[in-house]
Every structure is written in structure tokens, then in C-alpha cells.
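Read through the structure below, which is laid out as C-alpha cells, and then see the notes.
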Amino acid sequence: MGAWDFGIFDDDTAYEFTDEIIADSIGFFKTSFENAIKSDYLEYDDGYKVLVSSAYMDNLLNGTVFRTDNDDEVDESNVNIFGTLHKDLKVLDLKPFSVKALQKVIGDGSELNELWADNVELYSKWKTNIEELIARLKQ
């Protein structure tokens, strides 16, 4: 793994799903949320799919700009221009599923949460970042 920090796009895993999102955004988002919600234990990649899907929706709905740990705008994917390119994409009905799936990511039974909880220095920043995302998607 090349990049790694508490932001969603500070982990190279975030970029593994770009082609799938571009090919079928709604399908990818919906499947990511459904798989997370019905899982007993949320694996790392499945949790990351939720984070990335929710970030794309946040950009579309709220215009949120995502940055990397060195404060540069994310340029390895098109997340920051997703809302401009897909402004007609209907995702409002997915918001409650995104919120519920994000809550699974930061809850018990989540590999991402378990791994981050071991990082005394950055865990609270990571979790706060996701809680802020949840708050924006609840609006």
C-alpha cells in the first residue's frame, strides 16, 4: 500500500473501485450498502466500498471536496468532479442505506474499525471523519 492516513482517499484501496463506480454508480453504491448492512462481520474491502460510495454521494449531494493527507485535492480519481459530471444521478433514496452502512463501518464487527482502533494517534480523526460524513448524508 502506497498511501495511508485517516482520510477516505488517503488509502490506495479507495482507488480500486473507480472503474466499477464509473461503469455503474447506482449499482455499485446499492450493492456496497446492502452487503455491509446484512453482514455479520464487515470485511476491510467491503467497508471501504461503503466509504468510497458514500464519499461519491457526498460530493454529488453536498459538493464536498476530498483531500489527501498532504492537503492536495484528490486527483487519482474523479470523486471531486463526480457531482458535476453526474448531477442528474438519483441517489436520494440511497442516503438512509449509506448512513446505516457507514454506522456498520465504525461499529463493532467491522474490520476497518478494529484496525483503526489499534491506532491510538489517528483513530479519533478517522472516526470523526466518518461521523461528519454521516451527518452530511443525514441532511
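Out of everything in the range 20-56 that is among the small types (Gly, Ala, Ser) and surrounded by 15 or more Cβ atoms within 10 Å (Cβ to Cβ), what residue ends up being nearest to Val105 (Cα to Cα)? For the range 20-56, the residue satisfying everything is Gly47. Among the residues of the range 83-139, those that are closer than 16 Å to Tyr44 by Cβ and of a type in the set (Ser, Thr, Tyr) comprise Ser110, Tyr123.
Restricting attention to the range 26-74, the residues that are small (Gly, Ala, Ser), under 16 Å from Phe6 (Cβ atoms) and modelled with pLDDT of 95 or more add up to 2.
Give Lys125, Lys95 a once-over and let me know the one that is open to solvent by less than 70 Å² (accessible area, probe 1.4 Å), at pLDDT 90 or above, over 16 Å from Ala14 (Cα atoms) and not in a loop (DSSP other than H, G, I, E, B). Walk me through how you get there before you give the answer.
Values: Lys125 fails: open to solvent by less than 70 Å² (accessible area, probe 1.4 Å).
Every option except Lys95 fails the conditions.
With the condition kept exactly as written, say whether any residue in the range 36-43 is within 13 Å of the chain's Cα centre (by Cα), farther than 17 Å from Pro96 by Cβ and among the small types (Gly, Ala, Ser).
no
The values are calculated or read from the model by the stated rules, or taken from the named source; none is laboratory data. Given the structure is predicted, the values throughout are model-derived calculations rather than measurements. As a convention, Cβ positions derive from the backbone with ideal geometry for all residues, glycine included, and neighbour counts pool all protein chains shown. All accessible areas refer to the heavy atoms of the entire protein, side chains included, with ligands and DNA or RNA removed. Shrake-Rupley method; radii C 1.70, N 1.55, O 1.52, S 1.80 Å.
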